[in-house]
Amino acid sequence: MSLPGLTPQRFKQVRRLHGAVAPLVLAPLLITVCSGMAYRLLKDWAGLGRDQLHFLMVLHEGEWLGKALEPFYVLLNGLGLLWMLISGASLVLQRWHQGQRLAKSSGPEGSA
């Protein structure tokens, strides 16, 4: 039993694309995650104000790219994250199904 539509060839394509996209989305996602966490934690735990932490929101939202590119940063960051989540989940599920098939084909362990 395999995942519908995920043939071994398609699995290799998804894995290859997942690996190719990962380096492209790594830095923007790290910037977004770290700046967002730092903003919230410094605001709540350190008691810093919005004005003191505005530079983190500039990083987080891509304002540093300018008005014209900011929406593209947000869009591509979101699409990159969705791609990595969906493709990564499909790869994990395929591996899990392969493991179950191998376990079934080897038969029950401990039977006489």
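The values are calculated or read from the model by the stated rules, or taken from the named source; none is laboratory data. Values in this document were obtained by computation on a predicted structure and should not be read as measured data. When we count neighbours, we look across all protein chains shown, and the Cβ atoms used for this are built from the backbone with ideal geometry, even at glycine.
Just name the residue that is surrounded by the fewest Cβ atoms within 10 Å (Cβ to Cβ) out of those in the range 63-87 that are among the small types (Gly, Ala, Ser) and at pLDDT 95 or above.
Keep residues of the range 63-87 that are among the small types (Gly, Ala, Ser), which gives 66, 68, 78, 80, 87.
Still in the running and at pLDDT 95 or above: 66, 68, 78, 80.
Details: GLY66: 9, ALA68: 7, GLY78: 12, GLY80: 17.
Result: ALA68.
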Count, please, the residues in the range 86-108 that happen to be touching a residue at least 12 places away in the same chain (Cβ under 8 Å) and of a type in the set (A, V, I, L, M). 2
